[in-house]
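*Asks:* Structure in structure tokens, see below.
The values are calculated or read from the model by the stated rules, or taken from the named source; none is laboratory data. Nothing here was measured: the structure is a model prediction, and the numbers come from that model. Neighbour counts are summed over all protein chains in view; Cβ atoms, including those assigned to glycine, are modelled from backbone coordinates with ideal geometry.
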Ligand code: AOF
Ligand code: ZN
């Protein structure tokens, strides 16, 4: 592969990212069509249920006769199934493109290599796995969901310089600054759901909305074992889809409020992940409290941990969860806070 190939695929990856937040639970996909080293068409999957990247890229090509001598750079294997749209592999075959270069194979069992087989059987040269690492990072939620049969888990908390996450009596204390708050609201638009435990719901009474940012609101998830939380909490205001995981009953109370019953307290984490998988929820931002964060950490079931650290000291309080330092991937400054990004790989 040449540096020109890299440039074109990099462009396709860039285009794919335009779909962030709008295409889930579908993957973000970008496509670039090249003739004689010149880009003649571009497209990306723009919204869930809408045309796929390849369709949009082909539409954008003015002279369709050039397609017979063109190379298609696409970040995901072209689909082979009739979903909400007809198979992209068939479309590329119909126009007789010369070559297709792909980042990642599609792990969706409806496709899983069949798109590539279809193209090859039609005589198209196919090269797969190009810049695969970049594609895997871009669609890490989609890949985790299909390969591990569970949502991608992002843990998030703010701790003081002396390692506390909250006061002993749970009295709310502002640890992270306003820039951090904006960033968290952006993060909320990037995940399919946000999860909090019952103490956080009760003592912080969070809205878990995205008022400091723009984008699709995530599903709010709360655990309330005995359904004893006050119905007047912000979480139950029905302004956003909300799921209450509990040990009492299953019931749809409103189009935006649903009770989901777990059967055993002992393995609540795996049951919960099973239910979220069933509901096609591909990623979860876990916003606390410590019990919930520690449950994910102890089980090793997490993918990223994003930790804000302030320069303030509390002296005493509820200790923040601990993370092994070898998982630390990045450190940045966000206003007056430090942000530590850990990856569980
Ligand atoms: C592609 N190009 O741009 C995307 C693909 O329900 P549908 O018809 O939209 O199909 C969704 C599935 O198609 C999705 O789960 C994934 O396997 C594949 N996505 N494929 O060729 C695209 N977004
Ligand atoms: Zn497709």
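*Asks:* Just the residues that are under 13 Å from residue 307 (Cβ atoms), within 25 Å of the chain's Cα centre (by Cα) and not in a helix (DSSP H, G or I), please, taken from the stretch 166-189.
*Replies:* If the condition is that a residue be under 13 Å from residue 307 (Cβ atoms), within 25 Å of the chain's Cα centre (by Cα) and not in a helix (DSSP H, G or I), then 176 is the only one that fits.
*Asks:* Can you tell me which of 175, 153, 210 is surrounded by 16 or more Cβ atoms within 10 Å (Cβ to Cβ), at pLDDT below 85 and touching a strand residue (DSSP E or B) at 6+ places or on another chain (Cβ under 8 Å)? Outline the logic, then answer.
*Replies:* Details: 153 fails: at pLDDT below 85; 210 fails: touching a strand residue (DSSP E or B) at 6+ places or on another chain (Cβ under 8 Å).
Going through 175, 153, 210 in turn, just one is surrounded by 16 or more Cβ atoms within 10 Å (Cβ to Cβ), at pLDDT below 85 and touching a strand residue (DSSP E or B) at 6+ places or on another chain (Cβ under 8 Å): 175.
*Asks:* Going by what's in this entry, would residue 134 be described as more than 11 Å from ligand 1 (Cβ to nearest atom), touching a residue at least 40 places away in the same chain (Cβ under 8 Å) and not in a strand (DSSP E or B)? Walk me through it before giving the result.
*Replies:* Details: more than 11 Å from ligand 1 (Cβ to nearest atom): yes; touching a residue at least 40 places away in the same chain (Cβ under 8 Å): yes; not in a strand (DSSP E or B): yes.
Yes, satisfied.
*Asks:* While we're looking at this one, here's another question. Name the residue that is farthest from ligand 2 (Cβ to nearest atom), counting only residues in the stretch 71-96 that are buried (at least 24 other Cβ atoms within 10 Å of the Cβ) and not in a helix (DSSP H, G or I). Give the steps one after another, and end with the answer.
*Replies:* We begin by selecting, within the stretch 71-96, every residue buried (at least 24 other Cβ atoms within 10 Å of the Cβ); these are 72-79, 88-89, 92.
Next, only the ones that are not in a helix (DSSP H, G or I) stay: 72-79.
Values: 72: 12, 73: 15, 74: 9, 75: 12, 76: 8, 77: 9, 78: 6, 79: 3 Å.
Checked the stretch 71-96; the qualifying residue farthest from ligand 2 (Cβ to nearest atom) is 73.
*Asks:* Can I ask one more? Is there a residue in the stretch 108-124 that is away from ligand 2 (no atom under 12 Å from the Cβ), within 20 Å of residue 16 (Cα to Cα) and either at pLDDT 95 or above or in a helix (DSSP H, G or I) (or both)?
*Replies:* Within the stretch 108-124, one or more residues are away from ligand 2 (no atom under 12 Å from the Cβ), within 20 Å of residue 16 (Cα to Cα) and either at pLDDT 95 or above or in a helix (DSSP H, G or I) (or both).
*Asks:* Can you tell me which residue in the stretch 237-272 is surrounded by the fewest Cβ atoms within 10 Å (Cβ to Cβ), limited to those that are out of contact with any helix residue (DSSP H, G or I) (no Cβ under 9 Å at 6 or more places or on another chain) and assigned to a helix (DSSP H, G or I)?
*Replies:* Result: 271.
*Asks:* Continuing with the same structure: Check off (1) touching a helix residue (DSSP H, G or I) at 6+ places or on another chain (Cβ under 8 Å); (2) closer than 30 Å to residue 18 by Cβ for residue 222 and give me the number that stays unchecked.
*Replies:* (2)
*Asks:* Find the residue count for the stretch 11-26, including only residues that are within 16 Å of ligand 2 (Cβ to nearest atom) and at pLDDT 95 or above.
*Replies:* So the answer is 3.
*Asks:* Related question: Checking residue 218 against (1) within 16 Å of residue 287 (Cβ to Cβ); (2) modelled with pLDDT under 95; (3) surrounded by fewer than 20 Cβ atoms within 10 Å (Cβ to Cβ): exactly one of these is not met. Which one?
*Replies:* Failed condition: (3).
*Asks:* Between 148, 156, 118, which is more than 24 Å from residue 15 (Cα to Cα) and within 12 Å of ligand 1 (Cβ to nearest atom)? Spell out how you get there, then give the answer.
*Replies:* Numbers: 148 fails: within 12 Å of ligand 1 (Cβ to nearest atom); 156 fails: within 12 Å of ligand 1 (Cβ to nearest atom).
Result of the check over 148, 156, 118: 118.
*Asks:* Across the stretch 72-110, which residue is nearest to ligand 1 (Cβ to nearest atom) among those that are farther than 14 Å from residue 55 by Cβ and out of contact with any helix residue (DSSP H, G or I) (no Cβ under 9 Å at 6 or more places or on another chain)?
*Replies:* 110
*Asks:* Tally up the residues in the stretch 293-321 that are in contact with a helix residue (DSSP H, G or I) (Cβ under 8 Å, 6 or more places away or on another chain) and either loosely packed, with under 13 Cβ neighbours inside 10 Å or not in a loop (DSSP other than H, G, I, E, B) (or both), please.
*Replies:* 8
*Asks:* Could you tell me which residue of the stretch 27-38 is farthest from ligand 2 (Cβ to nearest atom), considering only residues that are closer than 19 Å to residue 124 by Cα and touching a helix residue (DSSP H, G or I) at 6+ places or on another chain (Cβ under 7 Å)? Don't jump to the end; show me each part of the working.
*Replies:* Here is the first cut: in the stretch 27-38, the ones closer than 19 Å to residue 124 by Cα are 31-37.
After this cut, where a residue has to be touching a helix residue (DSSP H, G or I) at 6+ places or on another chain (Cβ under 7 Å) as well, the list is 31-35, 37.
Working: 31: 10, 32: 15, 33: 15, 34: 19, 35: 21, 37: 26 Å.
Among them, the one singled out is 37.
*Asks:* Confirm whether residue 49 is at positive phi, within 15 Å of ligand 1 (Cβ to nearest atom), touching a residue at least 40 places away in the same chain (Cβ under 8 Å) and in a loop (DSSP other than H, G, I, E, B).
*Replies:* Details: at positive phi: yes; within 15 Å of ligand 1 (Cβ to nearest atom): yes; touching a residue at least 40 places away in the same chain (Cβ under 8 Å): no; in a loop (DSSP other than H, G, I, E, B): yes.
No.
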